[in-house]
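**Student:** A single structure is presented below for examination.
Bear in mind that the values in this text are calculations on the coordinates, not laboratory data. Quantities reported herein were computed from a predicted structural model and do not represent experimental measurements. Positions of Cβ are backbone-derived with ideal geometry, glycine not excepted, and every protein chain shown enters the neighbour counts.
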Amino acid sequence: MQLDANNHERFIYHFDPEENDIEMATKNLEIYYGKNLAMQNADIQFKKNTITALIGPSGSGKSTYLRSLNRMNDGVATVKGQILYEGVNINQPGIDVYEVRRRIGMVFQRPNPFAKSIYDNVTFALQRRGVHDKKILDEVVETTLKQAAVWDQVKDSLHKSAQSLSGGQAQRVCIARALAVKPDVLLLDEPASALDPVSTSKLEQTLRELKPNYTIIIVTHNMQQAARLSDYTVFFNLGEAIEYNKTRKIFTRPKIQLTDDYVSGNFG
Amino acid sequence: MQNQKLAKQLFKKSKTARYERFGRLLCFSALVMIMAIVIGIIVFIATKGMSTFLKDHISVRDFFTGTLWNPGTKTPSGHAAVGALPMIVGSFLVTILAAIISTPFAIGTAVYMTEISPKRGAKILQPVTELLVGIPSVVYGFIGLSVVVPFVRNVFGGSGFGILSGTFVLFVMILPTIVSMTVDSLKSVPTYYRQASQALGATKWQTIWKVVLRAATPGILTAIVFGMARAFGEALAVQMVIGNASLMPHNLISPASTLTSVLTAGMGNTVMGSLQNDALWSLALVLLVMSLFFNLLVHFIGRKGAFSK
């Protein structure tokens, strides 16, 4: 698939770096699967302690884009260009991807707890980093499960298998697991698509509560969710960012016709 | 009127319905035949094996604890010399030792084939392990006899025949079984386990060790048990290198025997219905019970370890 980049309009909002704290940004990003260019034209800045939603039809490249932000595309796709985290380009040789992924956590579409106890799930990453002090681990388990708003439901069954949890609880345990290593950025790839409406609204509440301390980037297919939850929204189509603006503006007065069509459901 | 006609049409057995019944009958009769054969084998071996105790009045205790095997004669202390303990110990020793040596090699190979270099694994290692399965056991025995036995003799001393040589031959023989089943169980670990672990900043090695292998543990245990079942039942190759002395093994390099090696060595030399013959059937019964036990074990592990999603 060769993308024709220049025959349509795009609008990408740019923050003034003097006045805004930019946590992450991408510049001249190009992502290839084999020889196929799957993603380009996505010079996007993510402001610290905000929630940014990535929306767009299936195959628009939003998940591919998200996965490259913490180098999860290593070995899957070729990523060219700059991925800036606190001003440092993390897409260059010599970067310790394990440290990158500690600082930039990720939660997946399907709740994916390990076949271990809830406690071992949450402390997995810490234990791999050599933290075995029970006092510290206990504390981390309690704080992160509270942050993920699932502590009350699981506090009596911390040593039971995490796979016996319901989808919504498992997803929040996965969020706690990602928070346990104290990341700065949280990437979420359609975290609510496997959940029922009640669990979804609880998850959204959790994310809102996390916002003051984390920069959250979330891929979603659910446009109401993007509108409810996010401060900024990027609309992707056919492997490029078409419009990036404040969520309110995207959903009320989009600058690009294509975005308007998509958010109002007249797409295609 | 109309309805009666319709009802008649609907109740008439059509050609397709007859075919359907015929097919079902065919499958069912195949099943019944296999069941009959299996039950027949079990009943036959059981009655034959039990006649040592029921007809020839050998005590079960003598059979399982006696250490002298020479059916038809008596031990110096007056008991019948049908002590199967040396063979039972020999069988278990070669089986367990072979499994202990094979398992780390098998897991290492399987991890390389699935996690580290799947392409090379599929291209080179897969055919190699499949080839190892296909080599006839007499060839393994022959190689054992002409390579392993002299090697053991030169390095560890003794005649070279014994448990150790049997273990080395079985190690190679059960390796492909354990490898291919471990590969299957590693492949069945969902990809999202690996992704989740890597997204948390775990290294590849940590992911393999702490997530993939842990999740695949039931499958790997099943693989080991299958390998052990194969080692326990292997006759020819073991018989060629173990020395076939029905003595209690005192060390790993003195000649010993297993249940299977005594069976293959003795079955041509006894008269049906004699004590010597019945004693061999008792050994066969022990083998059968053990293989049923291995099967049950596999069943039990498999039921405990299924993935929840």
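**Student:** Of B:THR191, A:ILE250, A:ALA176, whose Cα points farthest to the positive end of the dipole of the protein assembly as shown (charges on the beta-carbon: +1 Lys, Arg; -1 Asp, Glu; origin at the Cα centre)?
**Tutor:** With unit charges placed on the Cβ atoms, the residue in question is B:THR191.
**Student:** Counting Lys +1, Arg +1, Asp -1, Glu -1, what net charge surrounds A:GLY105 among other residues with beta carbon under 11 Å of its beta carbon? Write down the numbers at each step before the final one.
**Tutor:** Numbers: positive: A:ARG101, A:ARG102, A:ARG103, A:ARG177, A:LYS182; negative: A:ASP184.
Residues close to A:GLY105 contribute a combined charge of +4.
**Student:** How big is the dipole moment of the stretch B:1-43 about its Cα centre under a simple scheme where the beta carbon of each Lys and Arg is +1, that of each Asp and Glu is -1, and everything else is neutral? Debye, nearest 20, please.
**Tutor:** On the way: 8 positive and 1 negative charges, 91 e Å.
Charge dipole of the stretch B:1-43: 440 debye, to the nearest 20.
**Student:** Now a separate question. Would you mind counting up the charge near A:LYS246? Only other residues with Cβ under 13 Å from its Cβ, with Lys and Arg at +1 and Asp and Glu at -1.
**Tutor:** Numbers: positive: A:LYS47, A:ARG248, A:LYS249, A:ARG253, A:LYS255; negative: A:ASP231, A:GLU243.
That sum, taken over residues with Cβ under 13 Å, equals +3.
**Student:** In deg cm²/dmol, rounded to 500, what helix-only [θ] at 222 nm does chain B give when every DSSP H run of at least 4 residues adds -39500 (n - 2.57) and the total is split over its residues? Mind showing how you got there, number by number?
**Tutor:** Details: 13 runs with 207 residues, N = 309.
For chain B, the value works out to -22000 deg cm²/dmol.
**Student:** I need the phi-derived Karplus couplings for the stretch B:35-52: 6.51 cos²θ - 1.76 cosθ + 1.60, θ = phi - 60°, integer Hz, Gly and Pro marked x.
**Tutor:** So the J values, rounded to whole Hz, are 4, 4, 5, 4, 4, x, 4, 4, 4, 4, 5, 5, 5, 4, x, 6, 5, 4.
**Student:** Relative contact order (percent) for chain B, with alpha-carbon contacts under 8 angstrom and 6 or more residues of separation? Numbers along the way, then the final one.
**Tutor:** Details: 408 pairs, mean separation 73.8, N = 309.
Relative contact order, chain B: 24 percent.
**Student:** Determine ³J(HN,Hα), in whole Hz, for all residues of the stretch A:233-242 in sequence, where each value follows from phi through the Karplus function 6.51 cos²θ - 1.76 cosθ + 1.60 and θ = phi - 60°; x replaces Gly and Pro.
**Tutor:** Calculated HN-Hα couplings, in order: 9, 10, 9, 9, 8, 6, x, 8, 7, 8 Hz.
**Student:** Is the stretch A:217-268 rounded, prolate or oblate when judged by the Cα gyration tensor, a ≥ b ≥ c being the square roots of its eigenvalues, rounded requiring a/c under 1.5 and prolate requiring a/b larger than b/c? Before the final figure, lay out the partial values.
**Tutor:** Details: a/c = 1.35, a/b = 1.25, b/c = 1.09.
Here the stretch A:217-268 falls in the rounded category.
**Student:** Give the order of B:HIS79, B:HIS250 when sorted by the count of other beta carbons within 10 angstrom, beginning with the fewest.
**Tutor:** Details: B:HIS79 16, B:HIS250 9.
Arranged by neighbour count, lowest to highest, B:HIS79, B:HIS250 become B:HIS250, B:HIS79.
**Student:** So how strong a dipole does chain A carry about its Cα centre when Lys and Arg Cβ are +1 and Asp and Glu Cβ are -1, to the nearest 20 debye? Could the numbers behind the result be given before it?
**Tutor:** Working: 33 positive and 31 negative charges, 114 e Å.
The dipole magnitude comes to about 540 debye.
**Student:** If the only charges are +1 at each Lys and Arg Cβ and -1 at each Asp and Glu Cβ, what is the size of the charge dipole of the protein assembly as shown around the Cα centre, to the nearest 20 debye? Write down the numbers at each step before the final one.
**Tutor:** Working: 58 positive and 39 negative charges, 349 e Å.
For this selection, approximately 1680 debye.
**Student:** Additional query: In a Debye calculation with equal point scatterers on the alpha-carbon sites of the stretch A:11-263 and no solvent, what is log10 I(q)/I(0) at q = 0.08, 0.10, 0.15 Å⁻¹?
**Tutor:** Taken in order of the listed q values, log10 I(q)/I(0) reads -0.31, -0.48, -1.06.
**Student:** Then there's this: If each residue's Cβ is checked for other Cβ atoms within 10 Å, how do B:PHE28, B:PHE232 rank with the fewest at the top? Don't skip to the answer; put the middle values down first.
**Tutor:** Working: B:PHE28 10, B:PHE232 25.
The fewest-first ordering by Cβ neighbours comes to B:PHE28, B:PHE232.
**Student:** Still on this structure, please answer the following. Suppose a student asked you for the relative contact order of the stretch A:11-263, using Cα pairs under 8 Å spaced at least 6 residues apart; what percent would you report?
**Tutor:** Details: 492 pairs, mean separation 71.5, N = 253.
28 percent.
**Student:** Rounded, prolate or oblate, given the Cα gyration tensor of the protein assembly as shown, with a/c below 1.5 counting as rounded? Walk me through the numbers on the way to the answer.
**Tutor:** Details: a/c = 2.78, a/b = 2.00, b/c = 1.39.
In terms of gyration-tensor shape, prolate.
**Student:** Another question, then. For the stretch B:177-250, what is the relative contact order in percent, using Cα pairs closer than 8 Å and at least 6 residues apart in sequence? Working shown, then result.
**Tutor:** Numbers: 36 pairs, mean separation 30.9, N = 74.
Relative contact order for the stretch B:177-250 comes out at 42 percent.
**Student:** Convert each backbone phi in the stretch B:133-146 into a coupling constant with the Karplus relation 6.51 cos²θ - 1.76 cosθ + 1.60 (shift: θ = phi - 60°), then list the ³J(HN,Hα) values in order as whole Hz, x for Gly and Pro.
**Tutor:** 5, x, 5, x, 5, 5, 5, 4, x, 5, 4, x, 5, 9
**Student:** Okay, moving on. Which three lengths, in whole Å and largest first, does the stretch B:46-146 cover when its Cα atoms are put on their principal axes?
**Tutor:** Principal extents (largest minus smallest coordinate, Cα): 64, 29, 25 Å.
**Student:** Mind sorting A:SER264, A:SER58 by how few other Cβ atoms lie within 10 Å of their own Cβ, fewest first? It would help to have the intermediate numbers written out before the result.
**Tutor:** On the way: A:SER264 11, A:SER58 7.
Lowest to highest Cβ neighbour count: A:SER58, A:SER264.
**Student:** For A:LYS249, give me every one of the lysines with a C-alpha distance below 28 angstrom, ignoring sequence neighbours fewer than eight places off in its own chain.
**Tutor:** Those lysines meeting the cut-off are A:LYS27, A:LYS47, A:LYS48, A:LYS62, A:LYS202, A:LYS211.
**Student:** Could you work out how far the C-alpha centroid of the stretch B:116-141 sits from that of the stretch B:5-67, in angstrom?
**Tutor:** Here the two parts' Cα centres lie 36 Å apart.
**Student:** Given H placed 1.01 Å from N in the peptide plane, which residues other than close sequence neighbours of A:LEU29 have an amide H under 5 Å from its amide H?
**Tutor:** Placed amide hydrogens put A:ASN41, A:ALA42, A:GLN82 under 5 Å from A:LEU29.
**Student:** Next question, about the same structure. Which cross-chain or sequence-distant (5 or more) residues have an amide H under 5 Å from the amide H of A:ASN237, H modelled 1.01 Å from N in plane?
**Tutor:** A:ILE242
**Student:** For A:106-114, what's the mean count of beta carbons from other chains sitting within 10 Å of each residue's beta carbon?
**Tutor:** On the way: counts 6, 2, 4, 1, 4, 3, 10, 4, 10.
Going residue by residue through A:106-114 and averaging, the value is 5.
**Student:** Can I ask one more? If a/c stays under 1.5 just call it rounded; otherwise compare a/b with b/c (prolate if a/b is bigger, oblate if not). Do that for the stretch B:1-63, with a ≥ b ≥ c from the square roots of the Cα gyration tensor eigenvalues.
**Tutor:** On the way: a/c = 9.47, a/b = 4.98, b/c = 1.90.
Note, shape of the stretch B:1-63 comes out prolate.
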